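Below: one structure, written as structure tokens.
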Amino acid sequence: MVKNRKKPTLRLAVAILMLLVFSGFYFLLAPYVHQDVGEGDTQVNATVPATEAAIQTQPPAVDKSSEYLILVNKSHGLGKDYEPGDLKKVKYKVSSRESEYQKLRKTVASAFNDLAKAADKQGHTIKLTSGFRPYAYQKVLYEKYVGKDGKYAAEQYSAKPGYSEHQSGLCADVSSPSVNYNLVQAYGNTDEGEWLAKNAHKYGFIIRYLKGKEDITGYEYEPWHIRYVGKDAAKEIYEQKITLEEYLGEV
């Protein structure tokens, strides 16, 4: 009977020993197991560089491949037969001036109407004098100016046919009654011209040929010539005081 009682006692001792061993392993490994499934993930996320986190929350940059950011200048032209398919007449225009060419692309025409309406509410009359010009008409104007002032002088203010922004349907020559609707540099000093320079970007336009940037744009200062690029791009160009060439990295 004494021998038979020793067996249960031995089994109990072995069970207790095994329990102690497993308990020891648990307490040794528990911190690592907990880290893998819980706090470890949090800690890994916390170590993401601040710059990466900032990039993830920044709005997307302006799409510089946008059709409204097409560059047209002395070295970037359009095809001879190019003509936008969505041209539309604007509401605010000088009726007696080139009425056949007082159209802009649909989106641009709408934006210009909004600009002119806002100016009118603040007591400024701003109207379109010339919008889209086909290749053939630009050719007539260019040859006329070359005959009048010579090739070099003419090319400071008039584009060769196929290289005029007007053919894109994205730009507008504007003026006001204060200068008898003429296109003169003095327009920049009028109330309307100053309003235009300060507010055009709010409607997606920029003053295309800035004073002091003639060596970049290739043209004289034209405070009356505005170009549609979209509101986001216009805001950046206006705030940085740069040209479209500089904005697109085409200097």
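List pairs: first in the range 169-187 and farther than 29 Å from residue 86 by Cα, second β-branched (Val, Ile, Thr), Cβ under 8 Å, 6+ apart or cross-chain?
Close Cβ pairs (under 8 Å, with a partner that is β-branched (Val, Ile, Thr)) amount to 177/125; 178/190; 179/190; 186/179; 187/179.
Here is a check on your reading of the model: is residue 106 more than 24 Å from residue 220 (Cα to Cα) and open to solvent by 60 Å² or more (accessible area, probe 1.4 Å)? Show your work before the answer.
Numbers: more than 24 Å from residue 220 (Cα to Cα): yes; open to solvent by 60 Å² or more (accessible area, probe 1.4 Å): yes.
Here the answer is yes, as residue 106 does meet what is asked.
Go through the residues of the range 145-152 one by one and say whether even a single one is in a helix (DSSP H, G or I), at pLDDT 95 or above and basic (Lys, Arg).
Of the residues in the range 145-152, the ones in a helix (DSSP H, G or I) are 145-149, 151-152.
Those still in the list that are at pLDDT 95 or above too: 145-149, 151-152.
Filter once more, so that each one left must be basic (Lys, Arg): 148, 151.
The answer is yes, given that some residue of the range 145-152 is in a helix (DSSP H, G or I), at pLDDT 95 or above and basic (Lys, Arg).
Before we move on, is residue 158 free of Cβ contacts under 8 Å to residues at least 24 places away in the same chain and among the small types (Gly, Ala, Ser)? Explain how you work it out, then say what you get.
Details: free of Cβ contacts under 8 Å to residues at least 24 places away in the same chain: yes; among the small types (Gly, Ala, Ser): yes.
When the stated conditions are applied, residue 158 passes them.
Can you pull out the residues in the range 175-192 that are closer than 14 Å to residue 123 by Cβ, surrounded by 17 or more Cβ atoms within 10 Å (Cβ to Cβ) and not charged (D, E, K, R)? Steps first, answer last, please.
Taking the range 175-192 first, the residues closer than 14 Å to residue 123 by Cβ are 176-178, 190-192.
Now narrow it down to the ones that are surrounded by 17 or more Cβ atoms within 10 Å (Cβ to Cβ): 176, 190, 192.
Once the filter is applied, which keeps residues that are closer than 14 Å to residue 123 by Cβ, surrounded by 17 or more Cβ atoms within 10 Å (Cβ to Cβ) and not charged (D, E, K, R), the range 175-192 yields 176, 190.
Mind telling me which of the residues 234, 200 ends up being in contact (Cβ under 8 Å) with a residue 40 or more places away in the chain and either farther than 19 Å from residue 163 by Cα or surrounded by 17 or more Cβ atoms within 10 Å (Cβ to Cβ) (or both)? Even if it seems obvious, please write down each step before you answer.
Numbers: 234 fails: in contact (Cβ under 8 Å) with a residue 40 or more places away in the chain.
Of the residues listed, the single one that is in contact (Cβ under 8 Å) with a residue 40 or more places away in the chain and either farther than 19 Å from residue 163 by Cα or surrounded by 17 or more Cβ atoms within 10 Å (Cβ to Cβ) (or both) is 200.
With the condition kept exactly as written, say whether any residue in the range 147-156 is more than 22 Å from residue 92 (Cα to Cα) and either touching a Lys or Arg at 6+ places or on another chain (Cβ under 7 Å) or of a type in the set (A, V, I, L, M, F, W, C) (or both). Give the derivation first.
So the first thing to find is which residues in the range 147-156 are more than 22 Å from residue 92 (Cα to Cα), and the list is 147-156.
Then keep just the ones that are either touching a Lys or Arg at 6+ places or on another chain (Cβ under 7 Å) or of a type in the set (A, V, I, L, M, F, W, C) (or both); that gives 153-154.
There is at least one residue in the range 147-156 that is more than 22 Å from residue 92 (Cα to Cα) and either touching a Lys or Arg at 6+ places or on another chain (Cβ under 7 Å) or of a type in the set (A, V, I, L, M, F, W, C) (or both).
List every residue pair whose Cβ atoms lie under 8 Å apart, where the two residues are 6 or more positions apart in sequence or sit on different chains, the first residue falls within the range 113-140 and is among the aromatic types (Phe, Trp, Tyr), and the second residue, located anywhere, is open to solvent by 50 Å² or more (accessible area, probe 1.4 Å).
From residues that are among the aromatic types (Phe, Trp, Tyr), the pairs are 132/83; 132/103; 135/80; 135/81; 135/82.
Restricting the search to the range 49-87, which residues are modelled with pLDDT of 50 or more, more than 20 Å from residue 205 (Cα to Cα) and of a type in the set (A, V, I, L, M)?
78, the sole residue that qualifies.
The values are calculated or read from the model by the stated rules, or taken from the named source; none is laboratory data. Because the structure is predicted, anything quoted here is derived from the model rather than measured. Heads up, the Cβs are rebuilt from the backbone with ideal geometry, glycines too, and the neighbour counts pull from every protein chain shown. The protein model used for the area step is the full one, side chains on, heavy atoms only, and it has no ligands, DNA or RNA in it. Shrake-Rupley method; radii C 1.70, N 1.55, O 1.52, S 1.80 Å.
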